[in-house]
Each structure stands twice: as structure tokens, then as C-alpha cells.
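First the structure, in the form of C-alpha cells, and then the observations on it.
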Amino acid sequence: MPTTATTGRPVAAPLRHQERRVLSAVGCGLRDDEIAAALAIPEDTVASDLAGILAKLGLRDRAAAIVHAFDSGLVVPGRGPRTEAGPPPWTTAGRTAGPKVRLSLLGPLTARQDGRPLDLGHPRRQAVLAALALAAGRTVTQRQLLDGVWGTDTPVANVVPVYVYRLRKTLRAADGADAVIERDPRGYRLDPGAVDVDVARLDELVAAVTAADRAGEPAEAVRLCAEALGLFRGEPLAGLPGPLAERERLRLTERRIALVQRKATRQLCLGRHAEATAELFALSGAHPLNEPVAAMLMRALYRGGRQADALDVYGRVRRRLAEDLGVPPSPMLRRTRRMILRGDEAGLALTAGTHTPSPLTP
């Protein structure tokens, strides 16, 4: 498949095989060090290849490369990189059909098989399973598991194989024939053919929201946003220890905030002001120091004929910023207040193209 730039301009030179592999890994969200480990190449080679990819494709940055990897089919939402042969390389051939294990990470970690809850053990063991689930079928080395789950508090004993053994027993397919956690020379991975992970479904829905936006279908975008938000059952990975869980909690929380903003923008375009305002009020209450959310709520209130309420929101946020952080409102929030006071209808309009600051790229 020829690789072309997302801008539609012809590419000066085709990507080399290794560059295509690097671009696929970038599209899956891997860091340079993870790509280097996965492809068995030096990390500086990864950086050099990525710079060459951006130059050849006329892309601005890594984020644009991720989008291009999806748009060009190198990466399938929720399934990882696509190889020349078609199916993902980690697909297990001949797996018998049976009830999948359903893992939910968008809240406290839970696992169900055929509707039956599974006992995953203590939080560290659960954190190991979460690390494998977040890798979306990619191999995770023992070193990566130690760094992600224990951080600098490295255990004295070699506990990772023990934890994996116990998780395998818990997650084994109903007929006992297949292990959900597979072992290869580099480490461990979950077999995507045996596991459904809600984070992977979230990725698919976010990609579908983008497609609906491109097709000019705001009502469908609202529906898909609502379905994606329904996957969240509280704080993602609640209670799990380790640096990886902490990073993913922040990342997934930001994705939820961005989804609410995206949904509200499309609701406002459809004239559904009350629905949008209610959701933004709830989001602002949960994140009272988030100024972009506050600004969007102010705009929505103003567009709904509630100028005084919009200014009240500004006052509350200004007080919280002063009391909690000792800082004044940002220029963006002050600018929103000025537009409301002037009645700047054009400046306060929320359209389908309104920017939301939190990333939604899978």
C-alpha cells in the first residue's frame, strides 16, 4: 500500500520497511524507548526514522504522524498495527470460540467471564493485569512490568512470573484449553482474541466520533460520545498502585473531559442548550480548576440566554484559583468574560470545529 501524506500532497520518497514499522508503532502510542525495544533497534535510530517520516510525509509533529497512521490504515483502532498480511501479528490461529474475558479499566478494575465476576487478587496483581491490558496485545517485558507497577520500590523476589501464573489460572478459558496471557521470548501479552478491554472499545468509539464529525453528522457524534462516556464507571484504574496506573488515570480522565466537551459542542450546534449546559455544569463541578471547561460552560450559558450565570461561573473559578493556587484566571478565561460583557455573539459562538484542548486521538 503506498504511503501518502495526510495533506494529499505527493510524497517525495516512499517509506522504507523499517520506517513503516516505526510509524505503525507511533500510531499505537508507543514511546521511542518502547519502539526501540519492540523493533530491536537503537533509540536514536527511532528518533532519526521518525524525523525522516515527518519530512517525507510533510507532517508537523508526532501527533500528526499518529493521525496519519490511522488514516492510512497502518493502525486499526483498538487492534494495534496492521501488517502487510492483514491480521495483527499476535492473533492466535485456531483459538476455539468461547466466552471472552471482559476487562473494565475505566473505573475499578473488574474482570468477567460469561457474566461471572473473577477474583483478580490483591492490587499489585491487578496492576500487572492492567499493564498487559493497556498494551493492547503488544508484548510487555518483565522490566516494563516492574517499572510500571513497582516503580523504584522493586520487589526483592522475582514476583512477576508468580503473579502472571496466578492471573493465568484465574483468566483461563472456560474449557481450560487456552491461556489468556501468552508468553514469548520478550515477555508477556494478552491474547486480543480472548479478551475484550473497555479501553480498546473507547478507542474505537472515539475514532467513530471523528468519522461522524468529518461526515457532518453532529447527532451521530453526540450519540457516539454518549456511548463512549457510558464506558466510564468512576475514576479509571481506581486504587491500583504504580507509576503506570497513575499516568493512565490522568490520561484517561483527560480523554473523558475531552469527550464531554466534544459532546457538548455538538449538542449546542443542534440547539440542545439545556443538555449541554447540564453536562458542562457537572464536569466543571468535578474539575473546578479546569479553566477550558469553565470557559466552555460560560459560553454555553451565554448562548442559552443566561449571561448573569455565565459571569457567576467566572467569579467562582477566579476565587478557587486564588484560594487553592494563588493565581489569577488565565488570559483565555478573562477574554471569555470580556466577550460576554460586550455581547460578542460571533466570538462566543460554539461550532462543530471548536477546539477542545484535551487529546482524543486513540
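Numbers for the structure displayed
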{"read-out": "Any hit, the stretch 44-56, residues being more than 23 Å from R143 (Cα to Cα), open to solvent by 20 Å² or more (accessible area, probe 1.4 Å) and β-branched (V, I, T)", "value": "no"}
{"read-out": "Checking L244 against (1) hydrophobic (A, V, I, L, M, F, W, C); (2) within 21 Å of the chain's Cα centre (by Cα); (3) under 29 Å from T336 (Cα atoms), the condition it does not meet", "value": "(3)"}
{"read-out": "Among residues of the stretch 108-152, those that are open to solvent by 20 Å² or more (accessible area, probe 1.4 Å), part of a loop (DSSP other than H, G, I, E, B) and under 22 Å from A25 (Cα atoms), counted", "value": "4"}
{"read-out": "Criterion (open to solvent by 60 Å² or more (accessible area, probe 1.4 Å) and in a helix (DSSP H, G or I)) met by exactly one of R316, R299, R255", "value": "R316"}
{"read-out": "Output for the stretch 259-277, where each listed residue is under 25 Å from the mean Cα position of the chain (by Cα) and among the aliphatic types (A, V, I, L, M)", "value": "L259, V260, A264, L268, A276"}
{"read-out": "Number of positions in the stretch 319-332 that are open to solvent by less than 20 Å² (accessible area, probe 1.4 Å) and assigned to a helix (DSSP H, G or I)", "value": "1"}
{"read-out": "The stretch 173-183, subset at pLDDT 75 or above and surrounded by 15 or more Cβ atoms within 10 Å (Cβ to Cβ), residue farthest from V101 (Cα to Cα)", "value": "E182"}
{"read-out": "Unique residue being modelled with pLDDT under 95, open to solvent by less than 40 Å² (accessible area, probe 1.4 Å), touching a Leu at 6+ places or on another chain (Cβ under 8 Å) and polar (S, T, N, Q) when the list is Q267, Q261", "value": "Q261"}
{"read-out": "Search result, residues across the stretch 270-296 that are open to solvent by less than 60 Å² (accessible area, probe 1.4 Å) and among the charged types (D, E, K, R)", "value": "E279, E291"}
{"read-out": "Top-ranked residue of the stretch 153-172 - restricted to ones that are under 15 Å from E182 (Cβ atoms) and not hydroxyl-bearing (S, T, Y), ranked as surrounded by the most Cβ atoms within 10 Å (Cβ to Cβ)", "value": "L167"}
{"read-out": "Evaluation of Y188 against (1) buried (at least 20 other Cβ atoms within 10 Å of the Cβ); (2) at pLDDT 95 or above (one fails), failing number", "value": "(2)"}
{"read-out": "Output for the stretch 110-125, where each listed residue is farther than 19 Å from L146 by Cα and touching a helix residue (DSSP H, G or I) at 6+ places or on another chain (Cβ under 9 Å)", "value": "A111, Q113, L118, D119"}
{"read-out": "Residue check for Y188: of a type in the set (S, T, Y) and closer than 23 Å to L30 by Cα", "value": "yes"}
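For (1) open to solvent by 30 Å² or more (accessible area, probe 1.4 Å); (2) in contact (Cβ under 8 Å) with a residue 24 or more places away in the chain, each residue gets a yes or a no:
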| position | (1), (2) |
| --- | --- |
| G193 | yes, yes |
| V197 | no, yes |
| L202 | no, yes |
| R214 | yes, no |
| E220 | yes, no |
| L224 | no, no |
| R233 | yes, yes |
| L237 | no, yes |
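To keep it simple, each residue is scored yes or no on (1) in a loop (DSSP other than H, G, I, E, B); (2) more than 26 Å from L103 (Cβ to Cβ); (3) modelled with pLDDT under 70; (4) touching a strand residue (DSSP E or B) at 6+ places or on another chain (Cβ under 7 Å).
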site: L23; (1), (2), (3), (4): no, yes, no, no
site: L30; (1), (2), (3), (4): yes, no, no, no
site: I35; (1), (2), (3), (4): no, no, no, no
site: K56; (1), (2), (3), (4): no, yes, no, no
site: R60; (1), (2), (3), (4): yes, yes, no, no
site: A65; (1), (2), (3), (4): no, yes, no, no
site: H68; (1), (2), (3), (4): no, yes, no, no
site: A85; (1), (2), (3), (4): yes, yes, yes, no
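The values are calculated or read from the model by the stated rules, or taken from the named source; none is laboratory data. Being a predicted model, the structure only gives us computed values, none of them experimental. Every residue, glycine as well, gets a Cβ built from its backbone with ideal geometry; the counts of neighbours run over all protein chains shown. SASA here: full protein model, heavy atoms, side chains in, ligands and nucleic acids out. Shrake-Rupley method; radii C 1.70, N 1.55, O 1.52, S 1.80 Å.
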